[in-house]
Amino acid sequence: MDMEAEQSDDLEKLIQQRVGGRVRELRQAAGITAVVLARRAGLSQGQLSKIENGKATLSVKTLARLCRIFDRPVGYLFQSFDAMPRVLGTLATVKGPENLGIQRFAEEVHKLTGQNLRLIPLRPSQIGSAVAQVDQLKDGLIDLFVEEPFYYGKFVDGFKIFSLPYAFNSESHRRMFLESRFFQRQLHEPLRREGIRLINRKWNWLRGLEWVLAATRPVVVPEDLRGLKVRVVESRLMQRFWQALGARPVAVPWAEVGSALRSGDIDVLPTHKAHLHPLGFCRYTRYVSLLGDLSPVLSVAVNESKFQILAPEIQDALLAACDRAGDFFSSHVRQSEIENEQLNIRRFKAAYLKISLDPWYEAVARARRDLLAEGLLDSETAAAVDAAAGRLEGGIRTS
């Protein structure tokens, strides 16, 4: 982990130096002074000096302001002087095994495209929350984003189904739905029209073993959630879901979860086992309820306009890199998750609670009916998910 962190720091320094050099080059070519550029970009002269000298970590918003001044795409700032990639890819994830999987993806892209395409991973502190990144992807401020599909529910309602636990009975059920004509026509194609293309072909990016609740006290049945403060993303759907289970939802950006746990602002964290040890969550929430849901599948999405300017052979190589990296990502995260469970037990005296799942299935089913009745879930998509389960039981492999 120390070596991985050191490599990540070295990469960030290289990125800062490259961006700084590009900003200085553009400013000098435009014939404007540092004072004028700082004023137009809403920066202090000291900030601009740090940027140009490669000593500042920039947010995407700041990069976008600078690029608008020079009428250049954001990706221009990241291009090396000796070997310019055709397009910049930006992505971010949490530290730990997932980060190593993302790095493998970047390596595969660079190799399979003959070094014509380079992905530059950025830290969440540079590009904001996952909700913000979805907007940045749509607007072309970032080019590539790896996360769970439910984030696209703000553009296409059907994707919200992926935010609920127990939406799918098995990995085969989920794969049946993802490969269905309904998914292609009603979710994927509308998302492309919004400017975002999903490049998963194998849908093999799996986030560990299962969904868990990390809590400050034992949570065994849904009734144990009553009155507890549960962390949620910025989503009306998720707020209502946890309210239906009796909890008090609190919207907290992912980057602030650790501090919210430490301060007691949240009592329960719905998360994935893969995140527990790398982020030290069990330091504050030593009770881990194993809820037996499928490991979430991650979508790999690119900005549609950027994808369309790539040559066909580069597009094919990007798709192949996604397939290869997904296999590595899933196996590496899964193995790390098994090892990290023992580390959590030894270091934080974490208690992993194997509980009866029937009460949770029933509570989630009731909540889902309420959400459908309130129009917070797309009824057509819910019906298509149920239909996929029926086809699977009947042994039908087409839709």
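A few remarks follow.
- Only helices enter this figure: runs of n ≥ 4 DSSP H residues, each worth -39500 (n - 2.57), summed and divided by the residues of the chain, yield -15000 deg cm²/dmol at 222 nm to the nearest 500.
- Cross-link reach list, lysines versus Lys306, counting only Cα pairs under 25 Å and skipping chain neighbours closer than eight places: Lys61, Lys111, Lys138, Lys154, Lys202
- If you look at the Cα atoms of segment 178-230, you get an Rg and a Dmax of 18.2, 45 Å.
- Dipole axis of the chain (+1 Lys, Arg; -1 Asp, Glu on Cβ), positive-most option in Thr113, Ala255, Leu228: Ala255
- Summarising the label geometry, the points placed 7 Å from Cα in the beta-carbon direction at Val36 and Arg68 lie 1.9 nm from one another.
- With a Förster radius of 56 Å applied to the beta-carbon distance between Glu25 and Glu362, the computed FRET efficiency rounds to 0.35.
- Lysines whose Cα lies under 23 Å from that of Lys55, excluding same-chain neighbours fewer than 8 positions away: Lys13, Lys95
- Close amide H contacts of Val250 (hydrogens built in the peptide plane, cut-off under 5 Å, sequence separation of 5 or more or a different chain): Val230, Arg231, Val232.
- Rounded to whole numbers, the Karplus 3J(HN,Hα) couplings from phi for segment 331-348 are 5, 5, 5, 4, 5, 5, 5, 5, 5, 6, 4, 5, 5, 5, 5, 6, 7, 10 Hz, using 6.51 cos²θ - 1.76 cosθ + 1.60 with θ = phi - 60°, and x at Gly and Pro.
- Calculated FRET value between Ala383 and Ile345, using beta carbons and R₀ = 41 Å, to 0.05: 0.45
- A simple charge model with +1 on the Cβ of Lys and Arg, -1 on the Cβ of Asp and Glu and nothing else charged puts the dipole of the chain at about 900 debye relative to its Cα centre.
- Read-out percent of Cα pairs over 31 Å apart, derived from the coordinates shown; its label in (i) 46; (ii) 37; (iii) 41: (iii)
- Euclidean distance of C-alpha centroids, segment 107-185 and segment 276-322, integer Å: 7
- DSSP beta bridges in the chain [antiparallel fraction, %, rounded to 5]: 55
- ³J(HN,Hα) computed for each position of segment 173-188 - Karplus, 6.51 cos²θ - 1.76 cosθ + 1.60, integer Hz, glycine/proline x: 5, 5, 5, 4, 5, 5, 9, 7, 5, 4, 4, 5, 7, 9, 10, 5
- Set of lysines near Lys349 by C-alpha distance (under 20 Å), chain-local residues within fewer than 8 positions excluded: Lys273
- Stretching the chain fully between Ala255 and Lys61 yields a gain of 68.1 nm (0.36 nm per residue, less the alpha carbon separation).
- Rounded to the nearest 20 debye, the dipole magnitude of segment 150-292 is 320 debye, with +1 charges on Lys and Arg beta carbons, -1 on Asp and Glu beta carbons, and the Cα centre as origin.
- Mean separation of Cα contacts under 8 Å, 6 or more apart, over the residue count of the chain: relative contact order %: 20
Read-outs throughout are calculated quantities, based only on the coordinates presented, and are distinct from any laboratory measurement. Quantities reported herein were computed from a predicted structural model and do not represent experimental measurements. All Cβ positions, even for glycine, are placed from backbone atoms using ideal geometry, and neighbour counts span all protein chains on display.
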